[in-house]
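Reviewing the structure listed below.
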Amino acid sequence: MRAGTLSALLCLALTQTPAEAAGKQVRIAYVEWADAVVATNILKLVLEEKGYQVKTIPLAAAAMWQAVATGDADASVAAWLPVTQGAYYEKLKNRLELIGPNVTGARIGWAVPASSPLDSIEDLKTKSSDVGGQVIGIDPGAGIMKSSEAAIKAYGLPVKLVDGSDATMTSALKDAVRQKKDIVVTAWTPHWMFARYELKYLADPKKAFGDDESVNTLARKGLKDDLPEVYAILKKFKLSVKEEEAVMAENEEKGAKPAETAAKWIAGNRATVDGWLK
């Protein structure tokens, strides 16, 4: 090897940032909920534009928070606060950084078809038989399931909370809508089902599900110093409820690929993305 070439390589090595020396790798943890899939895929492609190698890590909610707190993941854009994942935040807040909301106007609760005669959770005290005495839920460890159990107790409802998954819940909703039957499902916004079906939230006068939520960005301790460019993008990264729901609905189409729908959104919202990258 020529002395000049060796000198140039040594110079390059010495001027590399820590991110470049590590291969500019970024690990993003997320929960496999429809909204988190959209946001995570968009962020992944945006960071790849800047030359980062991005690994996305699907985890259960508790494991997602733990991964960021331990540094096994660099960040997440799937933290629901203050209610849904509030317990995880209280436990781990001193071991990670809460950057702030990336989606505002989020909420959780119970939803029914817009044509349903049910308007309030309280209506289920006397009309639970209209929905088979059931509230169709998702995975049992989810925050919304804990809030649902609390709602059943707070309102004294004669209903059973049925656990399952996002897929089984939306499948039951699809069947009920097609058959023009009433149904109560655990729901959250943003979610593609609000773009696909005409739905309404049941009023919650006892605030069992709290007020509006936000979806937040988390970072491991030290990310700001180690990967300042990534940290700056994370601080600017924001989506609207309608934007997420539109992409979520596209992801539910047969043959859809989240990476492709994310790329399509980026192409159609170039000015927004460029603002994140400045």
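Structure notes:
- In summary, strands (runs of 3 or more DSSP E) completely within the stretch 67-171 and bearing 3 or more residues that are surrounded by 21 or more Cβ atoms within 10 Å (Cβ to Cβ) occur at 75-81, 96-113.
- When the stretch 175-199 is filtered for residues that are within 19 Å of E253 (Cα to Cα), without any contact (Cβ under 8 Å) to a residue 60 or more places away in the chain and exposed (fewer than 15 other Cβ atoms within 10 Å of the Cβ), the ones remaining, listed by number, are D175, R178.
- Residue in the stretch 24-54 that is surrounded by the most Cβ atoms within 10 Å (Cβ to Cβ), counting only those that are of a type in the set (K, R) and over 21 Å from W265 (Cβ atoms): K24
- Qualifying positions in the stretch 58-85 - among the β-branched types (V, I, T) and touching a Lys or Arg at 6+ places or on another chain (Cβ under 6 Å): V68
- Among (1) outside any helix (DSSP H, G or I); (2) over 24 Å from K238 (Cα atoms); (3) among the polar types (S, T, N, Q); (4) in contact with a strand residue (DSSP E or B) (Cβ under 6 Å, 6 or more places away or on another chain), the one test that T186 misses: (4)
- Matching residues, the stretch 237-258, being assigned to a helix (DSSP H, G or I) and either touching a strand residue (DSSP E or B) at 6+ places or on another chain (Cβ under 7 Å) or surrounded by 14 or more Cβ atoms within 10 Å (Cβ to Cβ) (or both): V241, E243, E244, E245, A246, V247, M248, A249, E250, N251, P258
- Check on L81, touching an Asp or Glu at 6+ places or on another chain (Cβ under 8 Å), on the phi < 0 side of the Ramachandran plot and assigned by TED's automatic domain parsing to the domain that holds T217: yes
- Residue among T186, T217 that alone is closer than 30 Å to A154 by Cβ and touching a Phe, Trp or Tyr at 6+ places or on another chain (Cβ under 8 Å): T186
- Restricting the stretch 53-66 to residues that are free of Cβ contacts under 8 Å to residues at least 40 places away in the same chain and not in a strand (DSSP E or B), the residue that is nearest to V31 (Cα to Cα): L59
- Any hit, the stretch 213-227, residues being over 28 Å from E243 (Cβ atoms) and in contact with a strand residue (DSSP E or B) (Cβ under 7 Å, 6 or more places away or on another chain): yes
- Subset of the stretch 222-262 that is under 19 Å from the mean Cα position of the chain (by Cα) and among the basic types (K, R) - its residue that is farthest from Y197 (Cα to Cα): K235
The values are calculated or read from the model by the stated rules, or taken from the named source; none is laboratory data. Quantities reported herein were computed from a predicted structural model and do not represent experimental measurements. No Cβ is skipped: glycine too gets one built from the backbone with ideal geometry, and neighbour counts run over all protein chains shown.
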